[in-house]
1. May I ask you to say which residue of 43, 51, 18 is of a type outside the set (D, E, K, R), surrounded by 16 or more Cβ atoms within 10 Å (Cβ to Cβ), assigned to a loop (DSSP other than H, G, I, E, B) and under 17 Å from the mean Cα position of the chain (by Cα)?
2. Check region 43-57 and report whether any residue there is among the hydroxyl-bearing types (Ser, Thr, Tyr) and modelled with pLDDT of 90 or more.
3. Can you tell me how many residues within region 59-77 are modelled with pLDDT under 85 and of a type in the set (S, T, N, Q)?
4. Exactly one of (1) in a loop (DSSP other than H, G, I, E, B); (2) under 22 Å from residue 18 (Cβ atoms) is unmet by residue 89. Its number?
5. For region 69-77, state whether one or more residues are of a type in the set (S, T, N, Q), at negative phi and surrounded by 15 or more Cβ atoms within 10 Å (Cβ to Cβ).
6. Quick one: what pairs do we get from region 42-60, first residue closer than 17 Å to residue 88 by Cβ, second among the hydroxyl-bearing types (Ser, Thr, Tyr), C-beta under 7 Å, 6+ apart or different chains?
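The values are calculated or read from the model by the stated rules, or taken from the named source; none is laboratory data. All values derive from a computational prediction rather than experimental measurement. All Cβ positions, even for glycine, are placed from backbone atoms using ideal geometry, and neighbour counts span all protein chains on display.
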Amino acid sequence: MTTQLKGRPKGSQNQKYLKWDITIFDKENKTFSGGKFISIKALNEELNMKLNADYVRRIMTRYRADETMRNKENSFLARYGHIKIEKIKEPI
């Protein structure tokens, strides 16, 4: 006997919650709030950025970020240090 699966699989995600809150700081410490987004793809499309899951994790945790900035303008913090990303779960 075969069973027919109906609906989405258990544990699948939907688009009912905002997941990311991004804040971008400028050079003069004036805050520009980028907004809240459903996905990284939506964030990239809205703000014309090229972030992926690895970059988002590194921005959030400062993992593998060159704290001494020995590579000057080519270091990770020089490129993405002005961005703050927080994980949220807020209904749309």
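1. 51
2. So far as region 43-57 goes, yes, one or more of its residues are among the hydroxyl-bearing types (Ser, Thr, Tyr) and modelled with pLDDT of 90 or more.
3. Total satisfying the criteria: 3.
4. With (1) in a loop (DSSP other than H, G, I, E, B); (2) under 22 Å from residue 18 (Cβ atoms) applied to residue 89, the lone miss is (1).
5. yes
6. So the pair list comes out as 57/63; 59/80.
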